[in-house]
1. Of Lys77/Lys168; Lys77/Lys182; Lys185/Lys212, which ones are farther than 27 Å apart at the Cα?
2. Residue by residue through region 214-220, what is 3J(HN,Hα) from phi via Karplus (6.51 cos²θ - 1.76 cosθ + 1.60, θ = phi - 60°)? Round to whole Hz and write x for glycine and proline.
3. Ignoring ligands and nucleic acids, what accessible area does Asp177 show with a 1.4 Å probe (Å², nearest 10)?
4. Would you mind counting up the charge near Lys77? Only other residues with Cβ under 14 Å from its Cβ, with Lys and Arg at +1 and Asp and Glu at -1.
5. Net charge near Asn108, counting Lys/Arg +1 and Asp/Glu -1 over other residues with Cβ under 9 Å of its Cβ?
6. Under a straight-distance cross-link criterion of Cα-Cα below 19 Å, which aspartates and glutamates are reachable from Lys132, leaving out those fewer than 8 residues away in the same chain?
7. List the residues, sorted by chain then number, that are 5 or more residues from Gly175 or on another chain and whose placed amide H is less than 5 Å from its amide H.
8. Given 10 Å bins starting at zero, what is the percent of C-alpha pairs of region 103-233 in each, up to the one with the largest pair distance?
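The values are calculated or read from the model by the stated rules, or taken from the named source; none is laboratory data. These numbers come from a predicted model, not from an experiment. Here the Cβ positions follow ideal geometry from the backbone for every residue, glycine too, while neighbour counts run over all protein chains shown. Just the protein is used for accessible areas: all its heavy atoms, side chains included, with ligands, DNA and RNA removed. Shrake-Rupley method; radii C 1.70, N 1.55, O 1.52, S 1.80 Å.
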Amino acid sequence: MKRATFLLIFVGLFFISPKIKKEIHPKNYAVNSAINSRKLVSTYNALNANHFQLPNLESFSEALNGFYFFKEKGFFKKDFLTIIDFSLSSRVKRLWIIDMIQNKIVLNSLVAHGKNSGEEYATQFSNANESKESSLGFYATGEIYQGKHGTSLKLDGLEKGINDNARKRAIVIHGADYVSEKFLKNYSRLGKSYGCPAVPNDLSKKIIELIKEKSCIFIYHSSSVRASTKFLS
């Protein structure tokens, strides 16, 4: 009898555990955050571009679902969502800051990727120290400090194995002179960082002030396999 009971419990766990895993699977952000596809599309369509170009729907979809997923768990205190789309050329403005209360894009900017992630396009990503590559995924913004690039903003990666070494790697938001229209004109692409999402010097303080102290940053690439994501506890 005991053996039969144990077998029944074991079989039950076998069938239940995939459900548990499914609840935190990235493709099921919508389940956790109560965002269905209709609401997602309506939110996107209602997004006030504010004279800026909209991010693509796919990156916005992942960003929005993840934003609410992590917000429900208390990772974010501010209602700003920053999307960086590294699928795009470094020649275009591929960083968006969205005011989630007003559902409005407040800033659209150039942003650099890591030195070893690619040339004009970023194609390789890493969480490893000394890789000099960008890391994808969700981040919470941390504290402001004064570093070799001036006013900078620390980041905490929220996805285990994907970007959780961000603070150890000193992956931060900072300004750089190689992120500018002038640099683009001279070299036909932006310069590259050591893995930081570097922004234009003339916008860096404004960007940092907007998103400091626990807001969401999502760094996206169309090739990323989100199924491998593991969230930090």
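1. Values: Lys77/Lys168 23 Å; Lys77/Lys182 36 Å; Lys185/Lys212 31 Å.
As for pairs spanning more than 27 Å Cα to Cα, those are Lys77/Lys182; Lys185/Lys212.
2. Once θ is set to phi - 60°, the couplings for region 214-220 become 6, 10, 9, 10, 10, 9, 10 Hz.
3. 110 Å²
4. Details: positive: Lys71, Lys73, Lys78, Lys212, Lys214; negative: Glu72, Asp79, Glu143, Asp156, Glu213.
Net of charged neighbours comes to 0.
5. Values: positive: Lys93, Arg94; negative: none.
Combined, the nearby Lys, Arg, Asp and Glu give +2.
6. Candidates past the 8-residue exclusion: Asp85, Glu119, Glu120, Asp156, Glu159, Asp164, Asp177.
7. Residues meeting the amide H criterion: Val199.
8. Each 10 Å bin holds this share of Cα pairs: 13, 45, 36, 7, 0.
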